[in-house]
There are 2 protein chains.
Amino acid sequence: MAGRYEIRFSGAGGQGLILAGVIMAEAASIYDGIQAVQSQSYGPEARGGASKSEVIISDGPIDYPKVTKCDALLALTQEACDKYSHDLKEGGLLLIDSDLVLREPAGNFKVTKFNITNTAKNEIGREIVTNIVALGAMVALTGAVTKEAAEKAVLARVPEAFLELNKKAFHVGFDKAMAAKA
Amino acid sequence: MAGRYEIRFSGAGGQGLILAGVIMAEAASIYDGIQAVQSQSYGPEARGGASKSEVIISDGPIDYPKVTKCDALLALTQEACDKYSHDLKEGGLLLIDSDLVLREPAGNFKVTKFNITNTAKNEIGREIVTNIVALGAMVALTGAVTKEAAEKAVLARVPEAFLELNKKAFHVGFDKAMAAKA
């Protein structure tokens, strides 16, 4: 990867988007050896509603740690898609939950979609791993971190009792995104 | 609170400093109704060693989300204290673990100390809540968020099976810091 790459994970509060961002940043820095910043901003509207977590990955120092022009956006809900797609760049990657985001934003984006939440719930068996399914998919689509680094970062961050569940969630998300890739 | 207030939580990787920062930011925004940004930067040195998590709290919009001049610093380890105290401002608050940080940085700081890690381990019974003991102490010392908001934010972020443990950790940290206050 060359230069600066900006990723935003968005959805509803409580969907684990902060953890997804932290894992992506740790995959980049700890396992791929490049630099990363992960952040979330909370406005007065933070109670309920749409929520986002941002990761900037770069092969050099990161001076400004907020998204300026989003390279890749995950939107798990319609509200998040409506709210956070405005600065997705021309030709940028958009990954949406095909069951929950029915109105796609206008613009020249590479849109990939599959039933992310439903996959977590019914194929993996726990809706709580929706964030890890989505993370696997974002790793597949962006290539911003290696698959190996991301898997290690997932396993280092999830509770020991749920290692296999999260590993499966990550791989299923990765594979489904590759199959659905725009 | 008026203006911008910058807080840094530092220690070793794996001590839960990201969660402490997230809880402080959510206390400010969701429960106290002011704005907050929480972030962490990972350099190529991210594997092992000192780790930090930053929170900016403000009564207005936050343009630059990184610490510029730290108002309050938690240092749970000597390495973190050495690495992250350089931009603590004149008259700023420094909270250190009295068992683990033996060399205090030179400067005109308000230093408060108690055995934070040991309190978690031996008084609360689980070293894993060191971050929540420290958070309670930072809430007490900084006053950047209300005690009520912080407690609500703690309870909203920790696993249900550990609510009482974390509540106790938060209050013990708060009370010990008040007693030890510089």
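Annotations
- B versus A: buried accessible surface, summed, Å² (probe 1.4 Å, to nearest 100): 2100
- For the stretch B:27-45, residues shielded by at least 30 square angstrom of accessible area compared with the chain on its own, probe 1.4 Å: B:Ser29, B:Ile30, B:Gln35, B:Ala36, B:Val37, B:Gln38, B:Gln40, B:Tyr42, B:Pro44
- Its DSSP H runs of at least 4 residues, each contributing -39,500 (n - 2.57), put the calculated 222 nm mean residue ellipticity of chain B at -10000 deg cm²/dmol, to the nearest 500.
- Per residue accessible area of the protein assembly as shown, 1.4 Å probe, in Å²: 41
- When the C-alpha to C-alpha distance is required to be over 22 Å, the pairs from B:Lys121/B:Lys168; A:Lys121/A:Lys167; B:Lys89/B:Lys168; A:Lys52/A:Lys113 that qualify are B:Lys89/B:Lys168.
- Heavy-atom accessible surface of the protein assembly as shown: percent carbon and sulfur, 1.4 Å: 51
- Label point distance in nm, B:Met178-A:Glu123, each placed 7 Å from Cα along Cα→Cβ: 5.2
- For A:Phe109, the residues whose modelled amide H falls within less than 5 Å of its own, excluding neighbours fewer than 5 places apart on the same chain, are A:Gly91.
- Label point 7 Å beyond Cα along the C-beta direction, distances from B:Gly125 to other copies (nm, shortest first): 3.1
- Of all DSSP beta bridges in the stretch B:4-180, antiparallel share, percent nearest 5: 50
- Using a 7 Å Cα-to-Cβ projection, A:Ala156 label spacings across copies, nm, ascending: 3.0
- Direction-averaged projected area, Cα convex hull, chain A: 9.6 nm², rounded to one decimal.
- Prolate/oblate/rounded label for the stretch B:106-182 (Cα gyration tensor, a/c 1.5): oblate
- Low-density loop cleavage sites - trypsin sites (Lys or Arg not before Pro) in the stretch A:57-119, where at most 14 other Cβ are within 10 Å (DSSP): A:Lys69, A:Arg103
- Net lengthening on full extension, A:Val111/A:His86 (0.36 nm per residue, minus Cα-Cα): 7.6 nm
The values are calculated or read from the model by the stated rules, or taken from the named source; none is laboratory data. Because the structure is a prediction, the values reported are computed rather than measured. Note that each Cβ is placed from the backbone with ideal geometry, even for glycine, and that neighbours are counted across all protein chains shown. Heavy atoms of the whole protein, side chains included, go into the accessibility calculation; ligands, DNA and RNA do not. Shrake-Rupley method; radii C 1.70, N 1.55, O 1.52, S 1.80 Å.
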